[in-house]
Amino acid sequence: MRTDPIRAARPLAAVSLALAVLAAGCTGAGQTGEGAEADLDVSTGVTDDTVTIGAHMPLTGPAAPGYSQISVGAQAVYDFVNANGGVHGRTIEYLAEDDAYDPTRTVEVTRELVHEDEVFAMVGGLGTPTHSKVVDFLNREGVPDLFPSSGALMWNDPEKYPLTYGYQVDYTKESKILGEYVSEEFEDAEVGYLLQNDDVGVDSQRGLDMYLQDQAVAVEHYESGAEDLSAQIAGLEQEGADVVVCACIPNYVALALLESARIGYEPQFITSSIGGDTVTLRGLLSSFAEQAGSGGDPDDFLNGLMTLGYLPPVELGGDDPWVEFLRGVYDEYGGDAPLSNTTVYGMVQAVQFVRALEAAGEDPTRASLIEALESLESGGPGLVPFSSTGEDRGGYAGGFITRYEDGELEMVRDPAVTDSAEGDIEPAEVDRPLPEDIGPLAQG
C-alpha cells in the first residue's frame, strides 16, 4: 500500500494518445470494443487485504480552493474504517489523482487509474466538464462509476451509462427549489442569473426558468478559468437585478461578492450547493481581498448569503449525530484545515461507498457492488432521500435553504424533494441511519 494515496498527477507525455483511446470507438456504455458487455463478475482491485478505488480531483488549479478538501474528508473516513478493521477485513486504498480541473488531465489520470492501478471502482470523480470526458470510458471498461462530484443530469441515465450512479442533488432539482423560494419570498424582485458556462449553467437555468422566467431580467455566464467577473456583475447591475442566483463554484461566488461590493451593488445573492460553503468562501474572500490590496472581515461580504444544501451543515450546530460523528473522525484523521461543509461532502461520499462495499459481501465483485448499491434504503447522513436504484441514480433528491449571518446559519426553507422534470416540490421524508447502525463505522 502506498504511504501517500493522494498523489499529484503524473507527467502528461501520453495525453494525446489517451484522448484518442478514450474518444475512439465507443460501442456503448458498459461495453467493450467488439460490442460485448463488460464482465462485471470480477474482483479487479480486490486482494485478500485491500480494496483499491480511485478518483480524479482538482488538488491544484482553479477549483482546488475548497474542493481539494473533498479528498481529505474522504481519506479521513477511509483511515478511520481501516484503523478499525476495514470492511470485511480489507482496508480501503484510496487513490485521488490531481487533474487540476482540466479535462485533458482527467483523461490521462483516469486511464492510469483503470489500466495501471486497476481500481475496483471510481468513487467521486469531480467536475462536470472533467468527468463528462471519462464517463463513456469507465462504462465501456466495466468500472463502477460511483458518486461523481457533480450535479449534472447525465449521471442519472441508466440506459446510456449503466455503471454510473449520481451523488449530489442535480442542478435542475436544486435550482427548482431555489427558483420556487425566490418566486415566493421575492415575488416582486427583478432576478439575474450568474451561471458557469457548461452543463452546470444549462441544467441550473432549466430549473430556475420553471419558476422565474417572468422575473428574470439578465443571464450572465463565466468560463471556468476566468479571473475576473467585472463584466458579468456590471451586466447584472445594469439590468436592475435585485436578486442574483449563482450556479458557480466557490472561486466565482467569492469574486462576485467582492466585485459587487467594489462597485456598491447590493443584490440578494443566493447560491447553489456547489459554491456556498462559507468556510471555503471566508478563506477565498480574505485571499482575494489581500491580493487586491484591500481588507475587511469576510462576513462583511458573506452576511445575508443564502445557499442550498442537502447534507447536515457544520454551522447549524445542535446535536446532529452525523455532524458529531464526522467531526470526531476529522479531528483524529483529517488535515489542518477547519472542518467545512465541503469536507463533509467528501466524508459522506466515503460513508456511502463503505455502506455499499459492506453490503457487497465478503468476496466482493464489481457486480455485487452494483447490486449492493441498488439496495441502499436510506439517505445515509443526508437530510433528504438518496436514490441509487436501477431506474433512478439521481443521488440526493432535493435540499433546504439556509441564510448566513455572522458565522451562523439559519434554515429558511425546510428540506424538500422534487424531480428533474416539472414535478411538484414536496416536503422531504427521510429515514437516516445512525453512525452506529453501519457496521464498519460502529467498530470505532
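Once both labels are positioned 7 Å from their Cα atoms along Cα-to-Cβ, the gap between Glu371 and His88 label points is 1.1 nm.
Rounded to the nearest 5, what % of the DSSP beta bridges within the chain are antiparallel ones? So the antiparallel bridges in the chain amount to around 35 percent. Comparing mean-square fluctuations of Glu371, Glu108, Glu332 from a GNM of the chain with C-alpha springs under 10 Å, the top value falls on Glu332. Under the combined filter of DSSP loop state and at most 11 neighbouring Cβ atoms within 10 Å, the range 132-227 retains these GluC sites (Glu not before Pro): Glu159, Glu187, Glu223, Glu227. Surface composition of the range 251-292: carbon plus sulfur atoms contribute 45% of the solvent-accessible area (1.4 Å probe, protein chains only, all chains present). Using a probe radius of 1.4 angstrom, the carbon and sulfur fraction of the accessible surface of the range 140-247 is 37%. In the context of the full set of protein chains, the range 171-309 has a per residue accessible area of 38 Å² (1.4 Å probe). Sequence-distant contacts, meaning Cα pairs under 8 Å at least 6 residues apart, place the relative contact order of the range 268-342 at 41 percent.
The alpha carbon gyration tensor of the range 362-425 gives principal lengths a ≥ b ≥ c with a/c of 1.5 or higher and a/b no greater than b/c, which makes the shape oblate.
Residues whose amide H lies under 5 Å from that of Glu93, counting only those 5 or more places away or on a different chain, are Val51, Thr52, Ile53; hydrogens are built 1.01 Å from N in the peptide plane. Going by the alpha-carbon gyration tensor, a ≥ b ≥ c the square roots of its eigenvalues, is the range 207-251 rounded (a/c under 1.5) or, if a/c is not under 1.5, prolate (a/b greater than b/c) versus oblate? Note, shape of the range 207-251 comes out oblate. State the Cα centre-to-centre distance between the range 93-108 and the range 313-348 in whole Å. Their Cα centres are 25 Å away from one another.
Charged side chains reduced to their Cβ positions (Lys and Arg at +1, Asp and Glu at -1) give the chain a dipole of some 1120 debye around its Cα centre. When the chymotrypsin sites (Phe, Trp or Tyr not before Pro) in the range 163-206 are filtered for DSSP coil states and for at most 14 other beta-carbon atoms within 10 Å of their beta-carbon, no site remains. Could you tell me which trypsin sites (Lys or Arg not before Pro) in the range 91-187 are loop residues by DSSP with no more than 16 other beta carbons within 10 angstrom of their beta carbon? Passing sites in the range 91-187 are Lys160. A cut-off of 5 Å between modelled amide H atoms, ignoring neighbours fewer than 5 places along the same chain, links Asp99 with Met57, Leu59, Thr60. Each Cα pair of the chain feeds into the Kirkwood radius, which the Stokes-Einstein equation turns, at 4 °C and 1.567 mPa s, into a diffusion coefficient of 59 µm²/s.
Between the range 286-302 and the range 147-169, how far is it from one alpha carbon centroid to the other, in angstrom? So the separation of the two Cα centres works out to 37 Å.
Could you tell me the relative contact order of the chain? Use alpha-carbon pairs under 8 Å, at least six residues apart, and round to a whole percent. RCO, the chain: 18 percent. Shape call for the range 195-317 from the C-alpha gyration tensor, a ≥ b ≥ c root eigenvalues: rounded (a/c under 1.5), prolate (a/b greater than b/c) or oblate? Oblate, since a/c reaches 1.5 and b/c is not below a/b.
Rounded to whole numbers, the Karplus 3J(HN,Hα) couplings from phi for the range 167-177 are 10, 6, 4, 6, 4, 6, 4, 5, 6, 4, 5 Hz, using 6.51 cos²θ - 1.76 cosθ + 1.60 with θ = phi - 60°, and x at Gly and Pro.
Of the beta bridges in the range 171-309, as assigned by DSSP with both residues counted there, near 0 percent are antiparallel.
Here's the picture: charge each Lys and Arg Cβ at +1 and each Asp and Glu Cβ at -1 in the chain, and of Met210, Thr110, Pro427 the one pushed furthest to the positive end of that dipole is Thr110.
Across the range 240-248, rounded Karplus estimates of 3J(HN,Hα) from the backbone phi angles (6.51 cos²θ - 1.76 cosθ + 1.60, θ = phi - 60°) give x, 5, 7, 10, 10, 9, 10, 9, 9 Hz, Gly and Pro being marked x.
The values are calculated or read from the model by the stated rules, or taken from the named source; none is laboratory data. All values derive from a computational prediction rather than experimental measurement. Every residue, glycine as well, gets a Cβ built from its backbone with ideal geometry; the counts of neighbours run over all protein chains shown. Just so you know, the surface numbers come from the protein's heavy atoms only, side chains and all, with ligands and any DNA or RNA stripped out. Shrake-Rupley method; radii C 1.70, N 1.55, O 1.52, S 1.80 Å.
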